[in-house]
Amino acid sequence: MGEQPIFSARAHVFQIDPATKRNWIPASKHAVTVSFFYDANRNVYRIISVGGTKAIINCTITPSMTFTKTSQKFGQWADSRANTVYGLGFATEQQLHQFSDKFKEVKDAARLAREKSQDKELVNTALTIAAPQDLSDELQSPPVMCVNGPEDKMFRSQSADITLSAEKERIKKMLSEGSICEMNLEAEFFTMQDSNTKLVAALHEANANVEQWKKQLAAYQEETDRLREQVAELEAHGGHGPSDLLKDELTQSLEELEALLKAKDEEIDILQSKKVEYHEMEHHRDEAIHRLRETEMRNAELEHRIQNSEQNLNNSLEDRDRMDCEIQRAIEILDIKIFDLNDLRQSLVKLIDK
């Protein structure tokens, strides 16, 4: 039929109890032949074992499968399409190692065969692209089975890990939001600081101009007073004074000086209003500094909470690893006991038959 055996071994076959998912159920009364087959037509690898007229194992090997040695003479793997876990008990540890090595070799060959099949499908664009048969096996990771082990504890440790991870992500999100707020406050602070610097420079320049204008104003006032005195003296002397033309020129100069004095007063008022705005900007800057400090304190608190969460997460992971080690040791002991009990059962059956 195009399917040839490539490796065979004898072992006791077990299947996981579908009801409890913990206990092993013997699939054969005695050791049977378990073989690896290669189908050249379909380019797939299978594990087949027949007991009498019934196929005990008919499993297509996919790259996602893993053969696990749970004791010195016992190993298991999960078949998601059959929704079961197969267990094999060997007579010697060497047979278990040989089967495990062949399983890994065949799994790698199945992976290469699948990759070649996918490459052919990509090249032949005229054909309908179909998903590989074993894609469901990759998407559905094989269930973690244990033999009479505390499965609920494993699930609780995993749920605790997920809860701690979610808490850590939430705190990181809060910290990132606080960092964004801090960046906005810093940008606002730097903008106000730049405006403040410009206002300070303008204020210093205005103060320098005010001092200069005050000096000019004092000089103009002195000149005005002097001219007024001269006009008064000329009016007092009557005919001995200057002509009407000179008097008009002096009056015009006096009016110009008064207009200039009024313009300088207006400029001083404008500078005083800018000074008030400068004080308001200083107040806003102080508020921004206060908000920035509060944000920094909040970020420090969030960082402390993250450190505590990470510590708790590490502690939970260590506890889970210790629990997994204890469960694994218990599984190995139970596997050995079950295998020994099965051998004892076989011996008793033989004695009874005799």
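The values are calculated or read from the model by the stated rules, or taken from the named source; none is laboratory data. The structure presented is a predicted model; accordingly, all values stated were derived computationally and were not measured. Positions of Cβ are generated from backbone atoms using ideal geometry, with glycine treated the same way; all protein chains shown enter the neighbour counts. Surface accessibility is based on the protein's heavy atoms, side chains included, excluding ligands, DNA and RNA. Shrake-Rupley method; radii C 1.70, N 1.55, O 1.52, S 1.80 Å.
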Name the residues in region 1-51 that are among the hydrophobic types (A, V, I, L, M, F, W, C) and either closer than 30 Å to Lys120 by Cβ or not in a strand (DSSP E or B) (or both), would you? Met1, Ile6, Phe7, Ala19, Ala27, Ala31, Phe36, Phe37, Ala40, Val44, Ile47, Ile48
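Yes/no matrix, rows are residues, columns are (1) of a type in the set (Asp, Glu); (2) modelled with pLDDT under 75; (3) in a helix (DSSP H, G or I):
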position	(1), (2), (3)
Glu223	yes, no, yes
Leu227	no, no, yes
Leu234	no, yes, yes
Thr251	no, no, yes
Ala259	no, no, yes
Lys264	no, no, yes
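Residue-by-condition table, conditions (1) touching a Lys or Arg at 6+ places or on another chain (Cβ under 8 Å); (2) at pLDDT 95 or above:
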site	(1), (2)
Gly51	yes, no
Ile61	yes, no
Ser64	no, no
Thr70	no, no
Trp77	no, yes
Ser80	no, no
Thr84	no, no
When you check Asp335 against the structure, is it within 30 Å of Gly87 (Cβ to Cβ) and surrounded by 13 or more Cβ atoms within 10 Å (Cβ to Cβ), yes or no? yes
Considering only region 277-301, state which residues are open to solvent by less than 80 Å² (accessible area, probe 1.4 Å) and more than 43 Å from the chain's Cα centre (by Cα). Tyr278
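Can you tell me which residue is farthest from the chain's Cα centre (by Cα) among those in region 246-266 that are of a type in the set (D, E, K, R) and surrounded by 14 or more Cβ atoms within 10 Å (Cβ to Cβ)?
Only one residue tops the list, namely Lys247.
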Residue list for region 251-272, filter: touching a helix residue (DSSP H, G or I) at 6+ places or on another chain (Cβ under 8 Å) and of a type in the set (Gly, Ala, Ser): Ser253
Residues of region 67-104 being within 15 Å of Asp340 (Cβ to Cβ) and either in a helix (DSSP H, G or I) or open to solvent by less than 50 Å² (accessible area, probe 1.4 Å) (or both), which ones? Thr70, Ser71, Phe74, Gly87, Gly89, Phe90, Glu93
Among the residues of region 308-332, write down those that are over 28 Å from Arg22 (Cα atoms) and surrounded by 13 or more Cβ atoms within 10 Å (Cβ to Cβ). Ser309, Glu310, Asn312, Leu313
